[in-house]
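Undergrad: Quick one: the structure is below, and I'll ask about it shortly.
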Amino acid sequence: MNALIFIFVFATIWLIRKFAWNIEEGTNAQRERNPELNTKCFDLHERRLGQFAKSKYKNRMFYIGTDGTCYYYSPTGRKIFC
């Protein structure tokens with residue numbers, strides 16, 4: 001019985017993360033102009049990185065450094081280069 005409850009809770013958390021976690025914010029036009037709105041579209045993400053040097057993609061804010069490298073910050077505050 002405990003295993004069944006554990007599986008149910010795990011499945012519920014997985015479904016919430018899968019469908020509601022990476023929700024896109026604003027309209028297409030708003031996302032095009034504001035790099036701080038979340039998007040799931042990789043092409044839009046790349047355009048915003050080129051234009052603003054930052055873009056929020058799948059709930060993670062990416063930045064372009066002065067030397068042209070792309071990076072984001074981990075939950076612990078460490079800079080992760082992509």
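Taken together, the values in this text are just the output of simple stated rules run on the coordinates, not laboratory data. Values in this document were obtained by computation on a predicted structure and should not be read as measured data.
Undergrad: Where is the GNM fluctuation largest for the chain (alpha-carbon springs, 10 angstrom cutoff): ASN28, ASN59, ASN38?
TA: ASN28
Undergrad: Which entry in (1) 3, 14, 20, 17, 14, 11, 7, 6, 4, 2, 1, 0; (2) 3, 15, 25, 26, 18, 9, 3, 0; (3) 3, 15, 17, 14, 12, 9, 9, 7, 6, 4, 3, 2, 1, 0, 0 matches P(r) over Cα pairs in 5 Å bins from 0, in percent derived from the coordinates of this structure?
TA: Evaluating P(r) over Cα pairs in 5 Å bins from 0, in percent on these atoms matches (1).
Undergrad: Restricting to lysines 8 or more places apart or on different chains, can you count the pairs in the chain with Cα atoms under 15 Å from each other?
TA: The number of close lysine pairs in the chain is 6.
Undergrad: Using amide H atoms built in the peptide plane, which far-off residues or other-chain residues are under 5 Å from PHE62 H to H?
TA: SER55, LYS56, TYR57
Undergrad: Apply the Karplus curve 6.51 cos²θ - 1.76 cosθ + 1.60, θ = phi - 60°, to the phi angles in the range 26-34 and return the couplings in whole Hz, x for Gly and Pro.
TA: For the range 26-34, the Karplus curve yields x, 8, 4, 5, 5, 5, 5, 8, 10 Hz.
Undergrad: Where the eigenvalues come from the Cα gyration tensor of the range 21-60, what are the semi-axes √(5λ) of the equivalent ellipsoid, largest first, in whole Å?
TA: 14, 11, 8
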